[in-house]
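Q: After the structure tokens below, expect a handful of questions from me.
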Amino acid sequence: MKKSRFFLHLVMVVFLAGCSAFSVMSDYDRKYDFRTFQTYRWPAENEGIRKGDVLVENPLVYKRVQAAVNQQLQVKGFRLTGSKDADFIVYAHAGVKKRRTYHQSFGVEVPFGPYRWYRPWWGPYGGYTYVSYYDEGSLVIDIIDARTKDLAWRGVATRVVRDYRTAEDMQRDINEAVTKILENFPPGAEAAGK
């Protein structure tokens with residue numbers, strides 16, 4: 001019995017890792033004319049990201065995210081500047097949440113090893129439930145109007161957290177996440193004027 005449950009949990013972990021494509025969404029404030037945004041900067045130290053943020057705890061990962069964002073924004077025609085007169089400020093945040101998922105099984109249990117397990121109950125009053133846990137990571141990119149300090153645009157990518165064997169694997173996933181997040185920035189072809 002324990003062997004079969006262990007095997008099912010192992011299969012679910014592999015399944016979740018295999019289905020770990022990014023889920024991406026974005027939203028923006030419609031009062032902004034994004035055609036006026038030409039230059040950007042990163043926050044100064046006193047404007048920085050908050051304590052408890054995964055990127056604060058991992059400054060090397062933060063630098064990798066910054067490099068990926070810079071590359072994507074420059075491809076879109078925006079210019080990085082150190083000046084306080086930039087049109088917008090880019091904030092990057094990250095976090096990890098524990099998630100759980102439930103798997104309901106009904107009827108006959110599949111045999112494993114020398115034992116066969118039979119579940120005599122069928123339908124809504126029988127069966128059993130498996131619970132599995134995983135970590136879900138989120139990367140958030142905020143575009144802040146530098147003049148008013150208001151949030152103008154936000155993009156978020158989420159997916160199951162992976163363990164990386166190499167820095168190159170991590171950078172590849174960061175690049176993919178940032179590319180997908182910034183795909184819809186600036187919003188609308190006519191609003192972007194690009």
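Q: Can you return the aspartates and glutamates within cross-link range of Lys97? Criterion is Cα-Cα under 13 Å, with same-chain partners fewer than 8 residues away left out.
A: By straight Cα distance, Lys97 reaches Asp53, Asp135, Glu136.
Q: Could you give the length gained by full extension between Thr36 and Gln74, i.e. 0.36 nm per residue of separation minus their alpha carbon distance, to one decimal place?
A: 12.1 nm
Taken together, the values in this text are just the output of simple stated rules run on the coordinates, not laboratory data. None of these values were measured; they are calculated from a predicted model.
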